[in-house]
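Colleague: A single structure is presented below for examination.
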């Protein structure tokens, strides 16, 4: 009896960012509420959480084609400023900040800090083991300009070969363009690349549509197990 054909070797593993490699350390409402309190505005976290979820769900794409990096970064900040403002107005239409710019800038910058995030269990060990075994790695996310800074703060940047965001490539998940840009930057074939992401449509189904394989991180007990899960052999 012949053995079933083995799946092609995995040469590259790409990860989503939030919900896959790391999560927020606290709810958005908690962080927004604490920041607002420091600027003279008091609103409960639950109300801000609800408002934020509604606003983000209906926000326009954060994609700015034909812009250089500096202009794209400014447009991303403008996008977030509108989201934050709309969130607070949705939570309380009478809210007024004494210095809106100072509030927004402090809130935006607070999410660059490592303390705003928590790595998923086993993330560092998993990435380190993939690199040890010669697997190319990267992050593909709809995050903004702060992502490289956050990855550095979380001490995982050195284990990643590429970081692809809408500002870098002009596409946002689930558009196939962002996955194709990642494959080109990583230098691997789609069939030999695994995408690890928590969202069934924007991550896994979208990656599969360009020929990649996909994995829900929640099937792993820990991200430390990723190399073993894909059967990666140690580099020789």
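None of the figures in this text is laboratory data; all of them are computed from the coordinates on show. Since we're looking at a predicted model, the values are computed, not measured. Don't worry about glycine lacking a Cβ; one is built from the backbone with ideal geometry, like all the others, and counts go over all protein chains shown.
Colleague: Restricting to segment 60-86, name every residue that is part of a loop (DSSP other than H, G, I, E, B) and within 17 Å of the chain's Cα centre (by Cα).
Modeller: Correct list: 61, 62, 63.
Colleague: Going by the conditions given, is residue 157 crowded, with 17+ Cβ neighbours inside 10 Å and either within 27 Å of residue 28 (Cα to Cα) or touching a residue at least 12 places away in the same chain (Cβ under 8 Å) (or both)? Break it down into steps so the answer makes sense when it comes.
Modeller: On the way: crowded, with 17+ Cβ neighbours inside 10 Å: no; either within 27 Å of residue 28 (Cα to Cα) or touching a residue at least 12 places away in the same chain (Cβ under 8 Å) (or both): yes.
For residue 157, the condition - crowded, with 17+ Cβ neighbours inside 10 Å and either within 27 Å of residue 28 (Cα to Cα) or touching a residue at least 12 places away in the same chain (Cβ under 8 Å) (or both) - is not met.
Colleague: For segment 22-39, enumerate the residues that are touching a strand residue (DSSP E or B) at 6+ places or on another chain (Cβ under 7 Å) and surrounded by fewer than 17 Cβ atoms within 10 Å (Cβ to Cβ).
Modeller: Looking only at segment 22-39, we keep the residues that are touching a strand residue (DSSP E or B) at 6+ places or on another chain (Cβ under 7 Å), and these are 22-25.
Passing the criteria: 23, 24, 25.
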